[in-house]
Amino acid sequence: MVLKRLFGKKEKTADAEVHGPENKQTWESAAEQESPEPEREADSLGLFQRLRAGLSKTRQGFVDKVESLVSGRAVDEDLFEDLEDLLIQADVGVDTTMKLMDGLRERVRSEKITEGSALKTALADEVARLLAVDDTTLKISEHRPSVIMVVGVNGSGKTTTIGKLAYRLKQEGAKVILGAGDTFRAAAIDQLEAWAERVGVEIVSHSTGSDPAAVAYDALAAAKARNADVLILDTAGRLQTKTNLMKELGKVHRVLERELDHSIDEILLVLDATTGQNALSQAKIFSDSVPVTGIALTKLDGTAKGGIVLAVTQEVKVPVKLIGVGEQYHDLQDFDAVEFAEALFG
Amino acid sequence: MPFGNLSDRLQETMKKLRGRGKLTEKDVTAALREVRLALLEADVNYKVVKDFIARVKERAVGSDVLDHLNPAQQVIKVVNEELTNLMGGSQAKISFASRPPTVVMMVGLQGAGKTTAAAKLGKMLKSQGHRPLLAAADIYRPAAIKQLQVLGEQTEVPVFSLGQEDPVRIAREALEHADNHGNDVVLLDTAGRLHIDETLMDELVNVKAAAQPHEILLVVDAMTGQDAVNVAESFNEQLGIDGVVVTKLDGDARGGAALSVKAVTGKPIKYVGTSEKMDGLEAFHPDRMANRILGMGDMLSFIEKAESTVDKEKAQEMAAKMQRAEFTLEDFKEQLQQVKNMGPLDQLMGLIPTMGKQLQGMEVDESQLRRVEAIIDSMTPEERRSPAIIGGSRRKRIARGAGVRVQDVNRLLKQFNQTKQMMKQFAGGGSEKMKKKAKKRFSLFG
């Protein structure tokens, strides 16, 4: 993993300013000891199994459905129609579904597919192809500090994603600072502060109602002064139709870029997997306001499939980089197009 | 929108269908294909769409096409009526307990907007003379309690909290607190949770048992996709919800989730969230929601306007007058007003499917129409009835009154006379076809 390479050999500097516990715990024990909140599930599973379990919830149903749908059936129009319904049901959207189906029909012709189960593999292929628009690795540059800006609509899970990301980067040995850029929503700053304390990273915040661009400026200055590796900046949730708020986002971005000698490493758009076709509008308009570099797809631990990312990655040519698969610190995974496609369709 | 304007597409499909009389199966099938796509694009669950389309088809085939509509519009009219019906009656309110406090429990997925909706509801109830109490039972999300406290401060609604205690205890003690402090409504804000999280769903069941809520409101994000049915079904099965709050409708999501939720639970949508401000909670209007989901607001409003605005009797009277060539400036103005009542003219042209294409890019000068109206307004009733008496000094006076040049008045009178002349000719022996043509031209201009 890139991060380990970057931070692994880093000398451990004592930093009196870092709040929270030392950095030596394993993920599991950290979760047990640090959490100020009631744990929601037994923490007995190992990390790997837990990640598996998280993703398998997404996978569940789909594999079963596709399997029962295709097995033993001949490839005919009825089967195509059933597959269409399945894709629509996963929020893939009419347009992308049609595209996928066209591709599939083409392959059925050229590869002379007659058996239903062979169709499943072909479909997974097509999906993975759509998703592979770019490198899906979270980019952390050699620059200090690397800057990650997190944007999205209200309730998509920005703050929680930041908490999990901070935890992960810290585990990998990075010194992380959070910037509490959501100065609008009531108690948003408190929410991020709670995460900072929990994870054990520093946070820069102003009071509610202050200028988010000023928070960004100060957070970056602090990150530089304290020699942080990564600055993660939170922003207020905003519906993409609010022009003024989108302009505000542009301003925050400009302020950061002006103070950096490189461009921002990652601008992550957080999309809720429960979201339907509107995610497309979100991706387009957010990308128009700031150069989004990646998507974090959250809440994949429910029954929603997040199929809209197929259309999103096509439309804005930005890859999904992270997926949220649970409520614990460690429930943030790297995205893998092939795995995701396989997970969806078996 | 990947599909562009739906009305455009529908027009394209309907081009060949100019039939009158009864809707044929072919008309209906073609139109409903587009409707199906529209509903899916709006995130209505695909099963709900299937059932809905089947129902509309049954109703529409064989029904009469109204005079002023084409088959496509007729189908859309049926679709819209069915959609509105399905959405349920308008303005459902929460039901209050005969013995206060009334307990309202807000439930839903993470990030749906429960806390904000609870605070907004508190403010709304307060303005209606109630004494609401907000109770903070989201003990999981960091700072959720603080968020409710801040919102309570903003809206001047008291907030009851016990910190991160057992939500069942919080609910119980909140009720006690309300009893002791004369609060007649308790709004219980619960933590967001996945409908498949058994532990947390059990917790809600326990809170319900302890608080005996009169209303359980499921809060649903307007942007929710196909999964809305699973969420709604699950919450309803396990808790028995009484109503739905649809949030974030100030965005550009079409909000098909609202229809899905209504269809699978049968429970009314009671409120909608329309802004980030604390007064951004409104009563639900099924007709507006139907328009929004269908995404054919333009065509629908045309159908509606064509039905309601043009008074049929008046139109017939006008036609008769034209034929008798008794048409006066007074009638002329009346026609102008009828057209104006239908909305801005350039939009109106775009609304008429057969016209939209021809007139695309053509600008309709509305100020011209306003000027004409001003000129007629500046005339005396007598002048309007018999324009012949309008001489030079009257023209000057009228021009001054209307704020136009005398030439403008002259031009209007000239046009009017020409038209009248033409009608006289037709009335005096022109063919039926020509009469119709003139009538059409004139009413379009007016």
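Mind checking whether some residue in region B:227-235 is free of Cβ contacts under 8 Å to residues at least 12 places away in the same chain, crowded, with 18+ Cβ neighbours inside 10 Å and assigned by TED's automatic domain parsing to the domain that holds residue B:147? Let's see the steps before the verdict.
The first filter runs over region B:227-235 and keeps only residues free of Cβ contacts under 8 Å to residues at least 12 places away in the same chain, leaving B:227.
Narrowing the set further to residues that are crowded, with 18+ Cβ neighbours inside 10 Å leaves B:227.
This time we only want the ones that are assigned by TED's automatic domain parsing to the domain that holds residue B:147, so: B:227.
There is at least one residue in region B:227-235 that is free of Cβ contacts under 8 Å to residues at least 12 places away in the same chain, crowded, with 18+ Cβ neighbours inside 10 Å and assigned by TED's automatic domain parsing to the domain that holds residue B:147.
Being outside the structural domain of residue B:208 (by TED's automatic domain parsing) and in contact (Cβ under 8 Å) with a residue 60 or more places away in the chain narrows it down to one residue among B:107, B:79; which is it?
Values: B:107 fails: outside the structural domain of residue B:208 (by TED's automatic domain parsing).
One residue alone meets the criteria, B:79.
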Checklist outcome for this item: In region A:318-331, anything in contact with a helix residue (DSSP H, G or I) (Cβ under 9 Å, 6 or more places away or on another chain) and closer than 17 Å to residue A:267 by Cα is listed as A:318, A:319, A:320, A:322, A:323, A:324
Item to check | Within region A:258-287, tally of residues that are facing another protein chain (nearest Cβ under 7 Å) and not hydroxyl-bearing (Ser, Thr, Tyr) | outcome: 4
Next on the checklist: For region A:113-132, check the following and say yes or no: at least one residue is within 23 Å of residue A:339 (Cα to Cα), away from every other protein chain (no Cβ under 14 Å) and not in a helix (DSSP H, G or I).
Outcome noted: yes
Checklist entry - Going through region A:209-235 one residue at a time, which ones are within 15 Å of residue B:276 (Cβ to Cβ) and touching a residue at least 60 places away in the same chain (Cβ under 8 Å)? => result A:235
Next on the checklist: So residue A:197 passes all but one of these: (1) in a loop (DSSP other than H, G, I, E, B); (2) within 14 Å of another protein chain (Cβ to nearest Cβ). Which condition number does it fail?
Outcome noted: (1)
Checklist entry - Of the residues that sit in region B:192-218 and are under 32 Å from the mean Cα position of the chain (by Cα) and within 10 Å of chain A (Cβ to nearest Cβ), which one is nearest to residue B:161 (Cα to Cα)? => result B:192
Item to check | So residue B:250, is it in the same structural domain as residue B:175 (by TED's automatic domain parsing), touching a Ser or Thr at 6+ places or on another chain (Cβ under 9 Å), free of Cβ contacts under 8 Å to residues at least 40 places away in the same chain and under 18 Å from residue B:39 (Cβ atoms) | outcome: no
Checklist entry - Of A:243, A:303, which residue is of a type in the set (S, T, N, Q), surrounded by fewer than 22 Cβ atoms within 10 Å (Cβ to Cβ) and more than 30 Å from residue B:200 (Cβ to Cβ)? => result A:243
Checklist entry - Considering only region B:39-82, how many residues are at positive phi and within 14 Å of chain A (Cβ to nearest Cβ)? => result 1
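Among the residues of region B:398-415, count how many are crowded, with 17+ Cβ neighbours inside 10 Å and over 17 Å from residue B:370 (Cβ atoms).
Keep residues of region B:398-415 that are crowded, with 17+ Cβ neighbours inside 10 Å, which gives B:398-399, B:402, B:404, B:408-409, B:412-413.
With the extra rule that they be over 17 Å from residue B:370 (Cβ atoms), the set shrinks to B:413.
Residues in region B:398-415 being crowded, with 17+ Cβ neighbours inside 10 Å and over 17 Å from residue B:370 (Cβ atoms): 1 in total.
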Checklist entry - Do we find a residue being more than 14 Å from chain B (Cβ to nearest Cβ), modelled with pLDDT under 90 and farther than 25 Å from residue A:303 by Cβ anywhere in region A:181-188? => result no
Checklist entry - What are the residues in region B:237-271 that are within 12 Å of chain A (Cβ to nearest Cβ) and of a type in the set (Ser, Thr, Tyr), if any? => result B:247, B:260
Item to check | Scope region B:367-384; condition at pLDDT 85 or above and of a type in the set (S, T, N, Q); matching residues | outcome: B:378, B:380
Next on the checklist: If residue B:227 meets every condition in (1) facing chain A (nearest Cβ under 9 Å); (2) in contact with a Phe, Trp or Tyr (Cβ under 8 Å, 6 or more places away or on another chain) apart from one, which number is that one?
Outcome noted: (2)
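Hey, among the residues in region A:156-196 that are of a type in the set (D, E, K, R) and under 21 Å from residue A:290 (Cβ atoms), which one's surrounded by the fewest Cβ atoms within 10 Å (Cβ to Cβ)? Write out each step before concluding.
As a first pass, look at region A:156-196 and keep what is of a type in the set (D, E, K, R): A:158, A:164, A:168, A:170, A:172, A:175, A:182, A:185, A:190, A:193.
Filter once more, so that each one left must be under 21 Å from residue A:290 (Cβ atoms): A:158, A:182, A:185.
Values: A:158: 27, A:182: 25, A:185: 21.
Ranking the candidates gives A:185 first.
Criterion first (assigned to a loop (DSSP other than H, G, I, E, B), within 30 Å of residue A:264 (Cβ to Cβ) and touching a helix residue (DSSP H, G or I) at 6+ places or on another chain (Cβ under 7 Å)) does residue A:92 satisfy it? First the steps, then the outcome.
Details: assigned to a loop (DSSP other than H, G, I, E, B): yes; within 30 Å of residue A:264 (Cβ to Cβ): no; touching a helix residue (DSSP H, G or I) at 6+ places or on another chain (Cβ under 7 Å): yes.
No.
How about region A:295-346: which of its residues are of a type in the set (Gly, Ala, Ser) and away from chain B (no Cβ under 13 Å)? Walk me through how you get there before you give the answer.
Kept after step one, since they are of a type in the set (Gly, Ala, Ser), are these residues of region A:295-346: A:296, A:302, A:304, A:306-307, A:311, A:324, A:326, A:337, A:341, A:343, A:346.
A:296, A:337, A:341, A:343, A:346 - these are the residues of region A:295-346 that are of a type in the set (Gly, Ala, Ser) and away from chain B (no Cβ under 13 Å).
Suppose we keep only residues that are part of a helix (DSSP H, G or I) and either more than 21 Å from residue B:183 (Cα to Cα) or β-branched (Val, Ile, Thr) (or both) within region B:104-139. Which one would you say is nearest to the chain's Cα centre (by Cα)? Walk me through how you get there before you give the answer.
Initial filter on region B:104-139 (part of a helix (DSSP H, G or I)): B:114-127.
Still in the list and also either more than 21 Å from residue B:183 (Cα to Cα) or β-branched (Val, Ile, Thr) (or both): B:115-116.
Values: B:115: 26, B:116: 24 Å.
So the residue we want is B:116.
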Checklist entry - Considering region A:209-238 alone, what residues qualify as being farther than 19 Å from residue A:162 by Cα and within 14 Å of chain B (Cβ to nearest Cβ)? => result A:209
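So is residue B:194 crowded, with 24+ Cβ neighbours inside 10 Å, within 23 Å of residue A:187 (Cβ to Cβ) and aliphatic (A, V, I, L, M) or not? It would help to see each step written out before you state the result.
On the way: crowded, with 24+ Cβ neighbours inside 10 Å: no; within 23 Å of residue A:187 (Cβ to Cβ): yes; aliphatic (A, V, I, L, M): yes.
Taking the combined requirement at face value, the residue does not satisfy it.
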Checklist outcome for this item: Taking region B:123-155 and keeping residues of a type outside the set (A, V, I, L, M, F, W, C), at positive phi and either within 14 Å of chain A (Cβ to nearest Cβ) or in contact (Cβ under 8 Å) with a residue 60 or more places away in the chain (or both) leaves none
Checklist outcome for this item: Residues of region A:83-113 being surrounded by fewer than 16 Cβ atoms within 10 Å (Cβ to Cβ) and not charged (D, E, K, R), in sequence order, are A:98, A:110
Checklist entry - Can you tell me which residues in region B:277-291 are surrounded by fewer than 20 Cβ atoms within 10 Å (Cβ to Cβ) and either farther than 14 Å from residue B:122 by Cβ or without any contact (Cβ under 8 Å) to a residue 12 or more places away in the chain (or both)? => result B:277, B:282, B:283, B:285, B:287, B:288
Checklist outcome for this item: The lone condition residue A:153 fails out of (1) β-branched (Val, Ile, Thr); (2) within 11 Å of another protein chain (Cβ to nearest Cβ); (3) surrounded by fewer than 24 Cβ atoms within 10 Å (Cβ to Cβ) is (3)
Checklist entry - Right, residue A:198: under 23 Å from residue B:116 (Cα atoms), among the charged types (D, E, K, R) and within 22 Å of the chain's Cα centre (by Cα) or not? => result no
Item to check | Answer residue from region B:1-49, given it is of a type in the set (Lys, Arg), within 23 Å of the chain's Cα centre (by Cα) and at pLDDT 80 or above and is surrounded by the most Cβ atoms within 10 Å (Cβ to Cβ) among those | outcome: B:36
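The values are calculated or read from the model by the stated rules, or taken from the named source; none is laboratory data. These figures come from a predicted structure and were not determined experimentally. A quick note on method: Cβ atoms are made from the backbone with ideal geometry, for glycine too, and the neighbour counts reach across all protein chains shown.
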